[in-house]
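Visitor: One structure is given below, represented as structure tokens, and several questions about it will come after.
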Amino acid sequence: MTVTVDPAEVAKFEAMAAEWWDPNGKFKPLHMLNPCRLDYITTQIAGEFDRDLSGELPFKGLRIVDIGCGGGLLCEPMARLGATIVGVDAAERNIPVAQTHALQSGLDIDYRHTTAEAVAAGGERFDVVLNMEVVEHVADPLAYLTACQELLKPGGLHICSTINRNPKSFAMAIVGAEYVMRWLPKGTHEWNKFITPDELYDLIRKAGLDPVDRKGFVFNPITWKWSLSDKDLSVNYVTAALKPR
């Protein structure tokens, strides 16, 4: 079994673990982005599995795994929508933070300190794999995405977001977020690990999935909010892919 975890990357997030649920702490960018991420995720899942988001517990009966779950910013909304959710993270210190917050929120979420590869090797399969802002932190993106593909049932949905690699993303995701705004600790991201949308589509296909959609996450500095864009994938972006039946 290939292990794609990068110990240096894990150590970065271990150091920040206690701050996951502080909207003004080191994960402030994720808290700001989260409503936009959730809008995309829930819309894609509802469309693929014919669920009515206005109904009660629309994701009931769906099994979802969030790889790189951190403190549970995506797991908790999925649980509230009725999904059976497993949160996986290679950073051990994230797990008790996530477990404690879920307990305080009255939510039943299965959090595990493990890897995508280990869960796949255990034979577990899911309707949806959430793979948000992780692929730019792993040692071998193709092996990692292949493990995510193995986690899916035939017809399952894979949602993956990351950061484009170009001068604009360097200016915004590294210089802006880490040095100017100081939203993230310096060194959180490495520009050479960023992946262009075409490269990610190619990796997704090589991993055995069929890409079906991609959109940009665009930050508006005037309204101070994120929105989805069909055209602007220049910095943050998200993809959806299906496992062939």
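The values are calculated or read from the model by the stated rules, or taken from the named source; none is laboratory data. These figures come from a predicted structure and were not determined experimentally. Virtual Cβ from ideal backbone geometry, glycine too; neighbours counted across all protein chains shown. Accessible surface areas use protein heavy atoms only, side chains included; no ligands, DNA or RNA. Shrake-Rupley method; radii C 1.70, N 1.55, O 1.52, S 1.80 Å.
Visitor: Looking only at segment 219-245, count every residue that is open to solvent by 40 Å² or more (accessible area, probe 1.4 Å), modelled with pLDDT of 95 or more and within 17 Å of the chain's Cα centre (by Cα) and tell me the total.
Guide: 2
Visitor: I've got another one for you. Scanning for something of a type in the set (S, T, N, Q) and at pLDDT below 90, does segment 12-26 turn up at least one residue?
Guide: Residues of segment 12-26 of a type in the set (S, T, N, Q): 24.
With at pLDDT below 90 added as a condition, the list becomes 24.
Yes: one or more hits.
Visitor: I want to confirm something. Restricting to segment 194-218 and keeping residues that are part of a strand (DSSP E or B) and in contact (Cβ under 8 Å) with a residue 24 or more places away in the chain, which single residue is surrounded by the fewest Cβ atoms within 10 Å (Cβ to Cβ)? Write out each step before concluding.
Guide: Here is the first cut: in segment 194-218, the ones part of a strand (DSSP E or B) are 210-218.
Narrowing the set further to residues that are in contact (Cβ under 8 Å) with a residue 24 or more places away in the chain leaves 210-215, 217.
On the way: ASP210: 12, PRO211: 18, VAL212: 15, ASP213: 15, ARG214: 19, LYS215: 22, PHE217: 20.
Per the stated criteria, the residue is ASP210.
Visitor: A further question on this structure: Condition first: in a helix (DSSP H, G or I) and buried (at least 20 other Cβ atoms within 10 Å of the Cβ). Now tell me which residues in segment 83-97 satisfy that. Before you say what the answer is, go through the steps one by one.
Guide: At the first step, the residues of segment 83-97 found to be in a helix (DSSP H, G or I) are 94-97.
Within segment 83-97, ASN94, ILE95, VAL97 qualify.
Visitor: Confirm whether ASP66 is acidic (Asp, Glu), surrounded by 24 or more Cβ atoms within 10 Å (Cβ to Cβ), within 23 Å of ARG214 (Cβ to Cβ) and at pLDDT 95 or above. Please lay out each step first, then the result.
Guide: Details: acidic (Asp, Glu): yes; surrounded by 24 or more Cβ atoms within 10 Å (Cβ to Cβ): yes; within 23 Å of ARG214 (Cβ to Cβ): yes; at pLDDT 95 or above: yes.
It is true that ASP66 is acidic (Asp, Glu), surrounded by 24 or more Cβ atoms within 10 Å (Cβ to Cβ), within 23 Å of ARG214 (Cβ to Cβ) and at pLDDT 95 or above.
Condition check ((1) in contact with a helix residue (DSSP H, G or I) (Cβ under 7 Å, 6 or more places away or on another chain); (2) at pLDDT 95 or above) across all residues:
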residue	(1), (2)
HIS101	no, no
ALA120	yes, yes
LEU130	yes, yes
GLU136	yes, no
ALA147	yes, yes
